[in-house]
Structures are given as C-alpha cells and as structure tokens.
1. Restricting attention to segment 119-129, report how many residues are over 14 Å from N80 (Cα atoms) and open to solvent by 70 Å² or more (accessible area, probe 1.4 Å).
2. From L167, L131, L160, L97, grab the single residue that is closer than 27 Å to N58 by Cβ, at pLDDT below 95 and touching a strand residue (DSSP E or B) at 6+ places or on another chain (Cβ under 9 Å).
3. Report whether or not V77 is open to solvent by less than 20 Å² (accessible area, probe 1.4 Å) and not basic (K, R).
4. For the list (1) more than 16 Å from the ligand (Cβ to nearest atom); (2) closer than 22 Å to I106 by Cα, I need the number of the one condition that R18 fails.
5. Quick one: how many residues across segment 39-60 are open to solvent by 40 Å² or more (accessible area, probe 1.4 Å) and more than 18 Å from P81 (Cα to Cα)?
6. Can you tell me which of I102, I136 is touching a Leu at 6+ places or on another chain (Cβ under 7 Å), open to solvent by less than 10 Å² (accessible area, probe 1.4 Å) and on the phi < 0 side of the Ramachandran plot?
7. For segment 151-168, give me each residue that is open to solvent by less than 70 Å² (accessible area, probe 1.4 Å) and either of a type in the set (D, E, K, R) or within 12 Å of the ligand (Cβ to nearest atom) (or both).
8. Would you pick out the residues in segment 29-38 that are open to solvent by less than 100 Å² (accessible area, probe 1.4 Å) and within 16 Å of D120 (Cα to Cα)?
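The values are calculated or read from the model by the stated rules, or taken from the named source; none is laboratory data. Owing to the predicted nature of the structure, the values given are computational and were not obtained by experimental measurement. As a convention, Cβ positions derive from the backbone with ideal geometry for all residues, glycine included, and neighbour counts pool all protein chains shown. Calculation scope for accessible area: heavy atoms of the full protein, side chains included, ligands and nucleic acids excluded. Shrake-Rupley method; radii C 1.70, N 1.55, O 1.52, S 1.80 Å.
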Amino acid sequence: MSDKPVEGIRIYGDPVLRKKSRKVDTLDAKVRELVDKMIIVLKKAKGIGLSAPQIGENLKIFVLEEKFLTGIEGVKVFINPSITEKTGKYLDEEGCLSFPDIIASIERAQSVKVKATDLDGNNFEMVVSDLYARAIQHENDHLEGVLIVDYLSPLRKTLLSRKLRKLAQGVCNES
Ligand code: NI
C-alpha cells in the first residue's frame, strides 16, 4: 500500500486485472520464473500479497509475505488455490498494490480454509484467520478478476471516482 506505483505492477484500468486467470497445468521453468519475479516485485513493493495478473500473467498464482502475517520470514506461494470454507465475517480496511493510495472498507470472512499447491508440486491445506484470511480472499479475488473497487458503496465510489479515473488513465503520481 505504497503511494507510488511500483515498477512492473499493473494498475487499475489495465484489462489484465479483469480477466479470469487459468489454472497452472505444469510447474515448468516458466512458472518458476514467474513466481521468482512475483516475489521480487512483492518485496520491492513491501506488500502483503501479489497475484500473477498484477504483473501481467493470467495464471492462478499468488504469493504472500508471511513476515507481515505471522511474523515468520518467508514468502508463501499458492498455485491453483481454492477457498473451500469460509466462517465468520468482519469489516476492515484494505489496500491493493494495483490501486496506489486507495483504501476500501471490505467485509470478509474471518477464517478460511484454503487448498493450494506449492512450488515443489505438493498440495497443502491451511486454515487461517483475520489478516491472513483477508489476504487470501483478496488475492484469490484477483484470480477471478475481482478488485477492491467492486466492494465500494455507491457513495464511496462516487467520492473516489476522480482518483479512480486518474489511475485508469495512468496519472497516478500526484497524491
Ligand atoms: Ni490487490
């Protein structure tokens, strides 16, 4: 949630952010290269999470900076993720690297169960809550072409319309 866009990150208005991502079939060199790039960009942006469409690839992959979620150093890679259970609800503010300088209040499930594959091809399943669950729901939305603006109330969307229009026009460095 930096104010300035980070190089390599696609910004709101880019059609790649609205496309549904496709499943990863094989964990080949190209996929590994993409994940490496995602991790580099995530670290550079000091973000919590990043999805493949945000760097221009419509593939079902996202990465999360665990340091910001659990305090443990490391980036967790989710390939072909699917959220299989959601429980509870809570409202909190959320930002997105593709929307510099915009914050949205979004109601999300408090806890989720997620299944995914790691870079070694191992399937895993985890149950997480609060910020970790929020981050997973946010990144998973990206793989469906869903963005934080889709959750804004009509009033808030109107209030932000000028800012959103500027982002979409590529004029986003004036805050
Ligand atoms: Ni995002």
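1. 1
2. Step by step, each of L167, L131, L160, L97 is checked, and only L160 is closer than 27 Å to N58 by Cβ, at pLDDT below 95 and touching a strand residue (DSSP E or B) at 6+ places or on another chain (Cβ under 9 Å).
3. Yes; evaluated as a whole, the condition is true for this residue.
4. Only one criterion is unmet by R18, namely (1).
5. Number of matching residues: 4.
6. Every option except I102 fails the conditions.
7. K166
8. Once the filter is applied, which keeps residues that are open to solvent by less than 100 Å² (accessible area, probe 1.4 Å) and within 16 Å of D120 (Cα to Cα), segment 29-38 yields A29, V31, R32, L34, V35, D36.
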